[in-house]
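Encoded as structure tokens, the structure appears first; notes follow it.
Every read-out reported here was derived from the displayed coordinates using simple, explicitly stated rules and does not represent laboratory data. Nothing here was measured: the structure is a model prediction, and the numbers come from that model. All Cβ positions, even for glycine, are placed from backbone atoms using ideal geometry, and neighbour counts span all protein chains on display.
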Amino acid sequence: MNRNTKDRIIQASLRLFAKRGFSGVSTSDIAREVGITKAALYRHFDSKQAIFDGIVSKMQEYDMEYAREFNLPEGTFSEMPDRYRNIPIDEIKKFSKAMFRHWTEQEMPSNFRKMLTLEQFRSTETGNLYQQYLSSGPTGYMADIFCGITGDNENAFVLAYNFYAPMFLLYSVYDGAGDNQEEKARIIAAADAHIDGFFKENNFKKAAKGKKKNRNITIRREEEKDYRTVENLVRESFWNVYRPGCMEHYVLHCFRENKDFIPELDYVLELDGKIIGHVMYCRSEIRLDNGKILPSITLGPICIAPEYKRQGFGKILLDATIREAQKLGFGVIVIEGNINFYGKSGFTVAKEQGIRYADDPEAGYLLCLELRKGYIDGVKGTFADPQGYFVCQNDPQGFAEFEAGFPPKEKKKLPGQIFKQ
């Protein structure tokens, strides 16, 4: 009986949230919708937020059931490339059609989609959930599928965007049909036709059997034998980007001996056995306004070889190491970066979460990603870059000697550089 009541509370709450939004519904409204007293409701959920968390947990169960039903990979392409390469195209089409019905015809997923659409700009949590379930999450998953089919990571995201754009429009058209079942049936048929036509137009069966070589991506911990290769990679990646020349390779070189360096989060990305990407993390801290210290971590430099940039490899590496950081129990990542890139992986502007930047309190480029739910709830404080990032300024002679060990490269002053030297 308790389980049935909990489910009724979840379903009723979601119906109300989908119509009025989370903030527009009270626990009294929910109790009336279910037909129980507030006291009875609180025996199952101690707050409206707890009900919301129950809804999210239920949707996660739905996701896992769907993945198992269609025997599709539950991890990313980088984690299980062979699984992605062997997915039958007919199975992908069946899955895509089923997912459209999942988000439109099934009551709970449909209401969940509507709720997130209403709430996505009202809180970071719901914004991240919207991305996870209805935007960057599904497009990223489909990009992994297209990469597995074609072996072409460069165009996988373009294909995914082209595939999903009409689907998102059809969701809205379906919602606008109201109770017109005939119109809804036409929209479902249009979605099916789009899916069949997309795979036919792109001739994926031919591409899968063609001459294009599948790309073998491996993400692994950096080893000592990789050090020089990675330092040169970092140098090539950052040269003349933020300043004439670059300093990032010396920062990495010195950080490996720094007490704040996190070797468990020092990773390289290999493509067909060649290292083309790298990222490191270090410990940092947020100095709270109440005088306490909240531990955080910082990533960077993160880089991809110049010839492989803007092909999705950076996000693959970033997302994989974020998951590792979560497994290790870290609470929050704070970085300087471009929200247009990092936002796709769930980062938000730090000042919106109460975290200021010591050098620029209004900085919109200081970003954060909560790794443990509730870790930065109510936080008010200041973040400063770890001192290890200033090694070139603090030891110019050491940097000059280190740089002399690399092949000469021309330093150039270019538009868009942040630093003059």
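Determine, for Ser28, Ser296, the number of other Cβ atoms within 10 Å of each Cβ, and report the residues in order from fewest to most.
Ser28, Ser296
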Check your understanding: Taking the chain as a Gaussian network, Cα atoms linked when under 10 Å apart, which of Lys94, Lys225, Lys344 shows the biggest mean-square fluctuation?
Key -> Lys225
Practice item. Round to the nearest 10 and give me the degree value, 0 to 90, for the angle of helix 48-69's Cα axis relative to the longest principal axis of the chain. Key: 90
Check your understanding: In debye to the nearest 20, how big a dipole does the chain give about its Cα centre with +1 on each Lys and Arg Cβ and -1 on each Asp and Glu Cβ?
Key -> 700
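Hand me the GluC sites (Glu not before Pro) from the range 237-271 located in a DSSP loop with no more than 11 other Cβ atoms within 10 Å, in residue order please. Each step should come with its number before you reach the end.
Details: sites: Glu248, Glu257, Glu264, Glu270; in loops: Glu257.
Counting only loop positions with at most 11 other Cβ atoms within 10 Å, the GluC sites (Glu not before Pro) in the range 237-271 are Glu257.
Say the cut-off is 29 Å between C-alpha atoms; which of Lys225/Lys259; Lys344/Lys412; Lys94/Lys184 go over it? If you can, show how the numbers build up before the last one.
Working: Lys225/Lys259 21 Å; Lys344/Lys412 31 Å; Lys94/Lys184 19 Å.
Result: Lys344/Lys412 exceed 29 Å.
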Practice item. Starting from the Cα of Asp360, step 7 Å along the direction of its Cβ; do the same at Asn180; then give the gap between the two resulting points in nm. Key: 5.0
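Please rank His278, His194, fewest neighbouring Cβ atoms within 10 Å first, as an exposure proxy.
Working: His278 24, His194 19.
The fewest-first ordering by Cβ neighbours comes to His194, His278.
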**Study point:** Residue (of Tyr42, Thr76, Ile55) at the positive-pole extreme of the range 1-109, dipole from beta-carbon charges
**Key:** Tyr42
Exercise for review: Please find the FRET efficiency linking Ile418 to Tyr227, where r is the Cβ-Cβ separation and R0 is fixed at 30 Å, and quote it to the nearest 0.05.
Suggested key: 0.65
Point to revise | Sum of -39500 (n - 2.57) over DSSP H runs of 4+, divided by residues of the chain (222 nm, nearest 500) | key: -16000 deg cm²/dmol
Study note, to complete from the structure: Of Gly405, Gly337, Gly381, the most mobile residue in a GNM of the chain (C-alpha springs, cutoff 10 Å) is Gly405
Practice item. Working from Cα positions, state the angle (0 to 90°, nearest 10) between the long axis of helix 181-202 and the longest principal axis of the chain. Key: 30
Check your understanding: Residues of the range 147-178 with amide nitrogen under 19 Å from the 7 Å Cα-to-Cβ point of Glu105?
Key -> 167-178
**Study point:** Residue with peak Gaussian network fluctuation, the chain [Cα springs, cutoff 10 Å], from Thr37, Thr104, Thr117
**Key:** Thr37
Review point. Sorting Lys259, Lys93, Lys292 on the 10 Å Cβ count, fewest up front, what's the list?
Key: Lys259, Lys292, Lys93
Revision key, fill the gap. So the angle from the long Cα axis of helix 136-150 to the longest Cα principal axis of the chain, reported in degrees to the nearest 10, equals 70
**Study point:** Option label - volume of the Cα convex hull per residue in Å³ computed here, alternatives (1) 130; (2) 154; (3) 175
**Key:** (3)
Practice item. Pop a pseudo-label 7 angstrom from the Cα along the beta-carbon direction at both Arg283 and Glu410 and give the gap in nm to one decimal. Key: 4.5
Study note, to complete from the structure: So, over other residues within a Cβ distance under 14 Å of Asp260, counting Lys, Arg +1 and Asp, Glu -1, the net charge is -2
Study note, to complete from the structure: Rounded to one decimal in nm, the spacing of the 7 Å Cα→Cβ label points at Lys94 and Arg256 is 5.0
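Asn394 to Asn216: extension gain in nm, 0.36 nm per residue of separation minus the Cα-Cα distance? Display every interim value, and only then the final one.
Numbers: separation 178, 0.36 × 178 = 64.08 nm, distance 4.05 nm.
Gain on extension, Asn394 to Asn216, equals 60.0 nm.
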**Study point:** In range of the label at Glu65: residues from the range 12-30 whose backbone nitrogen is under 17 Å from the point 7 Å along Cα→Cβ
**Key:** 12, 14-15
